[in-house]
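Notes to accompany the following structure.
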Amino acid sequence: NWSFGDYYKKEAIAWHWELVTKVWGIDPKLLWATVYKDDDEAADAWTAMGVLTNPIGRFDHENFWQMGDIGPCGPCSEIHIDRGEKACDGKSHAGMACAVNVEGCERFIELANLVFIQFNRDAAGKLTPLPKKHVDTGTGLERVAAVLQTFERRASGEIAKDAVLGNYDIDLFRAILQKIQEIVQAIGDHISYGENAEADVSYRAIADHARAISFLIADGVVPGNAERQYVLRRLIRRAARHGFKLGVKADFLPDVCASVVEQMSSAYPELSVCKGKIQEIVAEEQGRFGPLLDMGLEQIRLWLFPPTSQELVDPATRTFPAELAFKLHDTYGFPIDLTIDALRDQGIEVDVAGFERLMEEQRERGRAARKEESGAPEIKLGAGVKSRFVGEHRYQAESEVRQVIGDSKDSIAIVTAETPFYAESGGQIGDRGVIETASGAIIEVTDTRKADGSTVHLGKLLRGEIREFEPGARVTLKIDRARRDAAMLNHSATHILHYALREILSKDVRQEGSLVAPDRLRFDFKHAGPVAEGDLQTIEQEINARIRENAGVTVEEMPFKDALAAGALAFFGDKYGDVVRVVRMGDFSVELCGGTHVNRTGDIGLFKFESESGVAAGVRRVEALTGEGALESIRRREKILDEINDRLRATDEASLERLQRLLAREKELEKKIRGLEHKLESGGGSNGAAEESVREVGGIKLVTRVLEGIEPAAMRDMADRMRQKHGSAVIALGSNLGDKAAILVAVTADLTNRIKAGEIVKQIAPIVGGSGGGRPDMAQAGGRDPGKLAQALEQVGKLLES
């Protein structure tokens, strides 16, 4: 929660204390407040409240926040909680006992952090008070859940009175970890969660990564090699490696991600919508990477423990040689980050600097090879060979061949004295078309580029012989007119777009790059933060107003200095000579540009935004359509709206209202369904389900019940309530899910030293044609034969008897 120049220290401290002690109900005796060593204002606020039972702690760097060496910064006031002696691992913390702000202490942990952004620090280290002071309140959801659920589960008897839950013990992770355990016990090393510290790290990593993977894919990210795409790919690969450590080499991640969807889709419905896509993408990526991972880890093992006595890792530095890391990457395709991860477990570092040096040497070799082996001929113009662009408003020209480069029919470069073909520059892509001789020989031009200031046509021979294009031959050059015109509309539109962005957002807006293609335009510009939806609409309106103005477009050449003095804007990335082309549109836009443009702005017809997004820090990107492309976009949206209207049986005006009513109705029905489910779970209705059966077997209370249509998540809630109700008992539930069966066994904490829920589930799951497992206190299973649920639950009594 943020305050921007509104409430400050006194209010933030009082309100957060109220949240922690009154709303969450945490005992003040367990809480410790800290402030920055010199922050008397915060300390006085705490003292004035008179609520603390423990002394205020004053600290130095632990209670001072800053982003970097310079910039906004300020003191912090924190609330810490004492989780009890059980939370301490018993290790020495640099000779210090467990206490607040002792590094490595797990007994006292920060529960809230109130950052008071009070100063600006300059390069000399001087702190200057900010004109407006802010508060940034940080409180971690999972940490709070761990604390509150510790109290709750202690009170219910589910865990011991001095037990302490970690972040991975909370309800958000329990079912996901359970799913991983089921997989490990079915096809892995059969290590249950909680049995082995090293295995637990892998369990947690898989659960955490699966959650991130699911949300990334639901947000539209796919695995790849750039930026966020590579983050996703790396998460999948790291999760797969942890699966290998648990003995699971099959494609298990899709099932774990399905568990994430099941647990979190009630709060994030988009997960349910994308469930199939999530599983499909993860299965494909893990399936592709699995064999590589197996082979790469085997190579690392062989190098670490070779059959001979040869030492491949320097025992003194414990460093893995760069050459071996590079061979893993180059020969086997094993990513360096996974090599680092795998060797970190062995306490071995990788020579990353040496690896990067070898990578750069390989890149240099690759660049050299591409120059020699590129499909396009290397372009070196002969002495005196020049080409003049005459295609500002022409689509065809006759000229003389000056030079032909390349002797392959599939890859030719040709230069003519004059050309109507526009060479790629300023974001506008090069023209395409044909070059013909009088004898009928034809070269198809697939791209047009600049070389030594001249236009070079790249293409392939369609008809005739290459010799027919020898220097001196007369040829006719024809560009693809429709393609050029479409690109021309988009290029002119970028000038009006640039003007409108500066007019409406800020004069500080500057172009950072562009793409002008026949089918769309893309424009990157400097701007802090996303462009508001209202601003985008205003910008679009302004652009279309200038198009309707039908202002004249003129192009003139002048000295570069004169152009800048006249207020012309230079485009990003372009190189300008002493004399430049200046494009004017009405009285609102003056820019340096070598591209092709319309005669009047009205020729553009229509401008329509498609998207706005961020591409780098402080750089935004808009994509848009013009002319026929913009019209087609509107038609496409109209068609979608018509289909929605048809489904809703409403007009345009009434559709939104009807949709809102349907969503409200859906929410109401979901609420009723949840109420009915809870009623059924608590015995208030049968719906074909058996009533709760309670009996004593060998001095142990056994509670069983067969349910109809109750999902596993609801069964867990039901089991928790039944454990509270019966005090000491074994709870066995079965649910008929149509063509599937679900089983859950829960054991109260006082019985888990004698009876393990996981062992019971393993033995009764085969009765319903399935498998399962879990912790001593709770375990689940699934099966294909719901008709045998009663038989399976009856078997629990027999197991207790034995």
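The values are calculated or read from the model by the stated rules, or taken from the named source; none is laboratory data. Note that the structure is predicted; figures quoted are calculated from it, not measured. Backbone-built Cβ (ideal geometry, glycine too); neighbour counts: all protein chains shown. Areas reflect the complete protein model, heavy atoms only, side chains present, ligands, DNA and RNA absent. Shrake-Rupley method; radii C 1.70, N 1.55, O 1.52, S 1.80 Å.
Only one of the numbered conditions (1) at pLDDT 75 or above; (2) in a helix (DSSP H, G or I); (3) closer than 25 Å to Val415 by Cβ is not met by Leu343, and that is (3). When Asp38, Asp27 are checked against the criterion of being of a type in the set (D, E, K, R), touching a strand residue (DSSP E or B) at 6+ places or on another chain (Cβ under 8 Å), open to solvent by 40 Å² or more (accessible area, probe 1.4 Å) and more than 15 Å from Asp136 (Cα to Cα), Asp38 stands alone in meeting it. The single residue among Leu648, Leu592, Leu631 that is in contact with a Leu (Cβ under 9 Å, 6 or more places away or on another chain) and either under 25 Å from Lys507 (Cα atoms) or of a type outside the set (A, V, I, L, M) (or both) turns out to be Leu592.
Residues checked against (1) open to solvent by less than 30 Å² (accessible area, probe 1.4 Å); (2) among the aromatic types (Phe, Trp, Tyr); (3) over 29 Å from Leu30 (Cα atoms); (4) modelled with pLDDT under 95:
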| residue | (1), (2), (3), (4) |
| --- | --- |
| Arg154 | no, no, no, yes |
| Glu158 | yes, no, no, yes |
| Ala163 | yes, no, no, yes |
| Arg174 | no, no, no, yes |
| Gln185 | yes, no, yes, yes |
| Glu198 | no, no, yes, yes |
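Would you check which residues across region 591-611 are part of a strand (DSSP E or B) and surrounded by fewer than 18 Cβ atoms within 10 Å (Cβ to Cβ) and list them?
First, the residues of region 591-611 that are part of a strand (DSSP E or B): 591-592, 600, 607-611.
Scanning region 591-611 gives Arg600, Glu610, Ser611.
Of the residues Arg483, Arg463, Arg502, Arg474, the single one that is among the charged types (D, E, K, R), open to solvent by less than 50 Å² (accessible area, probe 1.4 Å), under 30 Å from Ser399 (Cα atoms) and in contact with a strand residue (DSSP E or B) (Cβ under 9 Å, 6 or more places away or on another chain) is Arg483.
Select from region 16-44 the residues that are within 13 Å of Glu78 (Cα to Cα) and in a helix (DSSP H, G or I) and list them in ascending order.
Step one: of region 16-44, the residues within 13 Å of Glu78 (Cα to Cα) are 16-17, 20, 31-37, 39, 42-43.
Result: His16, Trp17, Val20, Ala42, Ala43.
Taken over region 696-732, the residue count meeting the criterion of being more than 22 Å from Arg154 (Cα to Cα) and of a type in the set (Asp, Glu) is 3.
Of the candidates Val796, Val768, the single residue that is within 12 Å of Ala742 (Cβ to Cβ), at pLDDT 90 or above and open to solvent by less than 20 Å² (accessible area, probe 1.4 Å) is Val768.
Where residues in region 2-24 are modelled with pLDDT under 95 and of a type in the set (Gly, Ala, Ser), which of them is least open to solvent (accessible area, probe 1.4 Å)? The qualifying residue least open to solvent (accessible area, probe 1.4 Å) is Ser3. Quick check on region 692-714: of everything there that is touching a Ser or Thr at 6+ places or on another chain (Cβ under 6 Å) and outside any loop (DSSP other than H, G, I, E, B), which residue is surrounded by the fewest Cβ atoms within 10 Å (Cβ to Cβ)? Out of the qualifying residues, it is Ser693.
Collect the residues in region 430-454 that are among the small types (Gly, Ala, Ser) and outside any strand (DSSP E or B), keeping them in residue-number order.
Those that are among the small types (Gly, Ala, Ser) and outside any strand (DSSP E or B): Gly430, Ala438, Ser439, Gly440, Ala441, Gly453.
If the condition is being under 16 Å from Glu794 (Cβ atoms) and surrounded by fewer than 22 Cβ atoms within 10 Å (Cβ to Cβ), then region 715-742 contributes only Asn736. Reported count of residues in region 122-162, each being farther than 15 Å from Cys73 by Cα and among the hydrophobic types (A, V, I, L, M, F, W, C), is 10. For the criterion of being open to solvent by 30 Å² or more (accessible area, probe 1.4 Å), of a type in the set (A, V, I, L, M) and under 35 Å from the mean Cα position of the chain (by Cα), Ile70 passes. Annotation: Arg522 fulfils all but one of (1) within 35 Å of the chain's Cα centre (by Cα); (2) open to solvent by less than 30 Å² (accessible area, probe 1.4 Å); (3) basic (Lys, Arg); the unmet one is (2).
Where strands (runs of 3 or more DSSP E) sit wholly within region 67-181, those with at least 1 residues that are out of contact with any helix residue (DSSP H, G or I) (no Cβ under 8 Å at 6 or more places or on another chain) and small (Gly, Ala, Ser) occupy 71-82, 127-138.
Only one of the numbered conditions (1) more than 17 Å from Phe116 (Cα to Cα); (2) part of a strand (DSSP E or B); (3) among the small types (Gly, Ala, Ser) is violated by Ser3, and that is (1). The C-beta contact set for region 631-648 (first residue without any contact (Cβ under 8 Å) to a residue 60 or more places away in the chain, second residue in a helix (DSSP H, G or I) and surrounded by 13 or more Cβ atoms within 10 Å (Cβ to Cβ), distance under 7 angstrom, 6+ apart or interchain) comprises Ile644/Ser655; Asn645/Ser655; Leu648/Ser655; Leu648/Arg658; Leu648/Leu659.
How many residues does region 729-768 contain that are in a loop (DSSP other than H, G, I, E, B) and in contact (Cβ under 8 Å) with a residue 60 or more places away in the chain?
To start, the set of residues in region 729-768 that are in a loop (DSSP other than H, G, I, E, B) comprises 729, 737-740, 748, 752-756.
Next, only the ones that are in contact (Cβ under 8 Å) with a residue 60 or more places away in the chain stay: 748.
Of the residues in region 729-768, 1 are in a loop (DSSP other than H, G, I, E, B) and in contact (Cβ under 8 Å) with a residue 60 or more places away in the chain.
Between His393, His457, which is assigned to a strand (DSSP E or B), in contact (Cβ under 8 Å) with a residue 24 or more places away in the chain and either open to solvent by less than 10 Å² (accessible area, probe 1.4 Å) or not aromatic (Phe, Trp, Tyr) (or both)? If you could, list the steps in order and put the result at the bottom.
Numbers: His393 fails: assigned to a strand (DSSP E or B).
Result of the check over His393, His457: His457.
Taken over region 132-152, residues that are exposed (fewer than 15 other Cβ atoms within 10 Å of the Cβ) and touching a residue at least 60 places away in the same chain (Cβ under 8 Å) amount to 1. Checking the conditions here, which among Glu468, Glu512 is of a type in the set (D, E, K, R), crowded, with 18+ Cβ neighbours inside 10 Å and in a helix (DSSP H, G or I)? Of Glu468, Glu512, the one residue that is of a type in the set (D, E, K, R), crowded, with 18+ Cβ neighbours inside 10 Å and in a helix (DSSP H, G or I) is Glu468. In this entry, Glu400 passes the filter for residues that are at pLDDT 90 or above and open to solvent by 60 Å² or more (accessible area, probe 1.4 Å). Here region 350-390 is the region considered, the condition is being part of a helix (DSSP H, G or I) and either acidic (Asp, Glu) or under 25 Å from Leu461 (Cβ atoms) (or both), and the residue that is modelled with the lowest pLDDT is Glu373. Which is basic (Lys, Arg) and out of contact with any helix residue (DSSP H, G or I) (no Cβ under 9 Å at 6 or more places or on another chain), of Arg754, Arg716? Within the list Arg754, Arg716, the selection yields Arg754.
Residue by residue, here is whether (1) under 30 Å from Asp603 (Cα atoms); (2) touching an Asp or Glu at 6+ places or on another chain (Cβ under 7 Å) holds:
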position: Tyr395; (1), (2): yes, no
position: Ile405; (1), (2): no, no
position: Lys409; (1), (2): no, no
position: Val415; (1), (2): no, no
position: Tyr422; (1), (2): yes, yes
position: Gly440; (1), (2): no, no
position: Leu462; (1), (2): no, yes
position: Ile466; (1), (2): no, yes
position: Pro471; (1), (2): no, no
